[in-house]
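K.L.:
First the structure, then my questions, so here it is.
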Amino acid sequence: MAPGETAGYSYEEYKETADWLLSQTVHRPLIAIICGSGLGNLADSLKDQVIFKYSDVPNFPMSTVSGHAGRLVIGTLREKVCVCMQGRFHLYEGHAIWKTTFPIRVFQLMGVRTLIITNASGGLNPDYKVGDIMVLKDHINMPGFAGVNPLVGPNDQRFGERFPCMSDAYDKQLRELTKAVFCDLGHASLLREGVYCSLGGPSYETIAECRMLRLLGADAVGMSTTHEVISARHCKLSVLGLSLITNKTVMDYESMEHANHEEVLQSSKRSMQFLKEIVTHIIGRLPCLSDAS
Ligand code: HPA
């Protein structure tokens, strides 16, 4: 690979996509939102929408999962310009890890400074209930233990440093703001704060794996997010992670429960409106971020 190239995509390819998107709209997003499984309708709240199918955006990967539309929606929410991903890229789709995080660097080059990530996850913490929302305070990037990290390969200093810190991955102020929004809306009892663990998927976890993850300190498990957060922190975006607990993981050999995608989508559908309301309030109360702030 030539110097200056990142694994897979070159700087010029990220730039080409960012410039192309900016040339198609007058919107200049400062906030990006990634919509998790069944949570794509979050983007419906945007005003003055401009919509791009991933297949129409130069260099963009394709989303293959049901419940993920595969569109970028740019518009305003509470007077703040946002870009929404309806559908994200997962390792289990067969994408290389550097492909799954392509949009993050594109957003950064477009001027985005805050990333709000939503996902659906299975609750490992016995206190968690279906419908709870966990604000991520930390993560365990399990694929990273096997060298699967979006920053593997030559480092491009134009995005960030070779060895980025991850102990402050989830912005404290954004977490505090989220807690304040839940309290003010009278939903404090639904809010959790915890550790998200990502696995490669697509198979759900065995009972032994769930027990192990719980012992390791994870509160919820899913198949996304951590690669996006690593890439976002590398290029200095502030990150807020919100995880909807769509099912309780099976921890007990006597249990008759079985994790399944239908249940995940059904739970997401039930909580969609609520999550929309929460994200809208959070965005309404975000300081107007820019390079200068
Ligand atoms: N495991 C992994 N990913 C998930 C789950 C789960 O139980 N629920 C939603 N996404």
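All of the numbers you see were taken from the coordinates with simple rules; none came from a lab. Nothing here was measured: the structure is a model prediction, and the numbers come from that model. In this analysis, Cβ positions are derived from the backbone assuming ideal geometry, glycine residues included, and neighbour counts consider all displayed protein chains.
K.L.:
How long are the three semi-axes of the equivalent ellipsoid for the stretch 1-157, computed from the Cα gyration tensor as the root of 5 times each eigenvalue, in whole Å, largest first? Kindly include the intermediate steps, with their values, before the conclusion.
P.N.:
Working: eigenvalues 121, 105, 39 Å².
Taking √(5λ) for each Cα gyration eigenvalue gives 25, 23, 14 Å.
K.L.:
Count the net charge of all other residues whose Cβ sits under 15 Å from the Cβ of L213, scoring Lys and Arg as +1 and Asp and Glu as -1.
P.N.:
Numbers: positive: R211, R214, K248; negative: D138, E205, E209, D219, D252.
For residues surrounding L213, the net value is -2.
K.L.:
GNM, the chain, Cα, under 10 Å: largest mean-square fluctuation among A43, A180, A18?
P.N.:
Most flexible of the set in this elastic network: A180.
K.L.:
Something else now. Which ordering of T100, T280 is given by a fewest-first count of other beta-carbon atoms within 10 Å? Can you show the working numbers first?
P.N.:
Details: T100 20, T280 16.
Listing T100, T280 from fewest to most nearby Cβ atoms yields T280, T100.
K.L.:
Additional query: Over all Cα pairs of the stretch 21-285, how is the pair count split among 10 Å bins, expressed in % and running from 0 up to the last occupied bin?
P.N.:
7, 32, 39, 19, 3, 0
K.L.:
Tell me which lysines have Cα within less than 21 Å of K269's Cα, excluding those fewer than 8 residues away on the same chain?
P.N.:
Cα-Cα hits under 21 Å: K129, K248.
K.L.:
How many angstrom separate the Cα center of the stretch 21-35 from the Cα center of the stretch 108-143?
P.N.:
So the two Cα centres are separated by 22 Å.
K.L.:
How large is the helix-only mean residue ellipticity at 222 nm for the chain, computed as the sum of -39500 (n - 2.57) over DSSP H runs with n ≥ 4, divided by its residue count, in deg cm²/dmol to the nearest 500?
P.N.:
Details: 7 runs with 83 residues, N = 293.
Counting only the DSSP helices, I get -9000 deg cm²/dmol.
K.L.:
Could you tell me the center-to-center distance, by alpha carbons, between the stretch 155-186 and the stretch 193-241 in angstrom?
P.N.:
The two parts, judged by their Cα centres, are 15 Å apart.
K.L.:
With 10 angstrom as the radius, rank H234, H258 by how many other C-beta atoms surround their C-beta, starting from the fewest. Spell out each step's value before the answer.
P.N.:
Working: H234 24, H258 9.
Ranking H234, H258 by Cβ neighbours within 10 Å, fewest first, gives H258, H234.
K.L.:
Now, a different point. Using θ = phi - 60° and the Karplus relation 6.51 cos²θ - 1.76 cosθ + 1.60, list the HN-Hα couplings for the stretch 111-123 in order, rounded to whole Hz, with x at every Gly or Pro.
P.N.:
Working through the residues one at a time gives x, 5, 10, 10, 10, 10, 10, 10, 8, 9, 8, x, x Hz.
K.L.:
E176 to T64: FRET efficiency via 1/(1 + (r/R0)^6), r the Cβ-Cβ distance, R0 30 Å, to the nearest 0.05? Intermediate values should be presented prior to the final figure.
P.N.:
On the way: r = 37 Å, r/R0 = 1.22.
FRET efficiency, E176 to T64: 0.25.
K.L.:
Listing E228, E209, E79 from the residue with the fewest other Cβ atoms within 10 Å to the one with the most, what is the order?
P.N.:
On the way: E228 26, E209 16, E79 9.
By the 10 Å Cβ count, ascending, the order reads E79, E209, E228.
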